[in-house]
Amino acid sequence: MSDLDDLIGSLQSDLQKSGSGPTQEGKSCPVCTRVVLGRRVDALGDSYHEECFKCNTCAKILGTTEFYHEGKTPFCDECFRTSRLTKCADCDEWITGKYLEAMNQKYHPEHFRCVTCKGGFVDNSFFPKNNRAYCAKCINSA
Ligand SMILES: [Zn+2]
Ligand SMILES: [Zn+2]
Ligand SMILES: [Zn+2]
Ligand SMILES: [Zn+2]
């Protein structure tokens, strides 16, 4: 079956060609609008020049490092945390996922608990005092 062997051979060389060939035409960087050739960052549904993909706040080049984004606007880890996130009022760590807001403060849901006994709240009812939350037992001695 030499015919089949020929087919396989040509298919392979086609694949190799498209793999190492020039970047797809028409993909232009949304930042500088020039076509992206060479090193690029594929992110947020677009292709960017590596040096164009940077934090919207401090202009640090993000390259292929981890980043946050709001819509199509990228931010570096630090800027996103300081400008968009708040710290948990209990553990003082940044809240990146779910949070619970009470008494004008934000908490990790698992950190919203009685400040005295560190217990959870029965029936989700808590007693606020001086911007702190107490359970039914502890509010009396607070
Ligand atoms: Zn660019
Ligand atoms: Zn930044
Ligand atoms: Zn916390
Ligand atoms: Zn308590």
Open item on the list: In whole Hz and in residue order, list the ³J(HN,Hα) couplings for the range 63-76 that follow from phi through the Karplus curve 6.51 cos²θ - 1.76 cosθ + 1.60, θ = phi - 60°; x for Gly and Pro.
Closed with: x, 10, 6, 5, 8, 10, 8, 10, x, 9, 9, x, 9, 6
Task: Distance (nanometres) between label positions extended 7 Å along Cα→Cβ at D92 and V122 - done: 3.3 nm
- [ ] Just subtract the alpha-carbon distance of E101 and D46 from 0.36 nm times their residue separation and send over the number in nm, one decimal.
- [x] 16.3 nm
Task: Gyration tensor verdict on the range 26-84 (Cα atoms; rounded if a/c is under 1.5, prolate if a/b is larger than b/c, oblate otherwise) - done: prolate
Open item on the list: Which entries of K27/K87; K87/K129; K27/K106; K27/K98 have Cα-Cα distances beyond 31 Å here?
Closed with: K27/K87; K27/K106; K27/K98
Open item on the list: Can you order the peptides 102-110, 63-71 by their average number of other Cβ atoms within 10 Å per residue, highest first?
Closed with: 102-110, 63-71
Open item on the list: Amide H of A43 versus every other amide H placed in the peptide plane: which residues, excluding those fewer than 5 positions away on the same chain, fall under 5 Å?
Closed with: Y48
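Bear in mind that the values in this text are calculations on the coordinates, not laboratory data. No experiment lies behind these values; they were computed from the predicted model shown. A quick note on method: Cβ atoms are made from the backbone with ideal geometry, for glycine too, and the neighbour counts reach across all protein chains shown.
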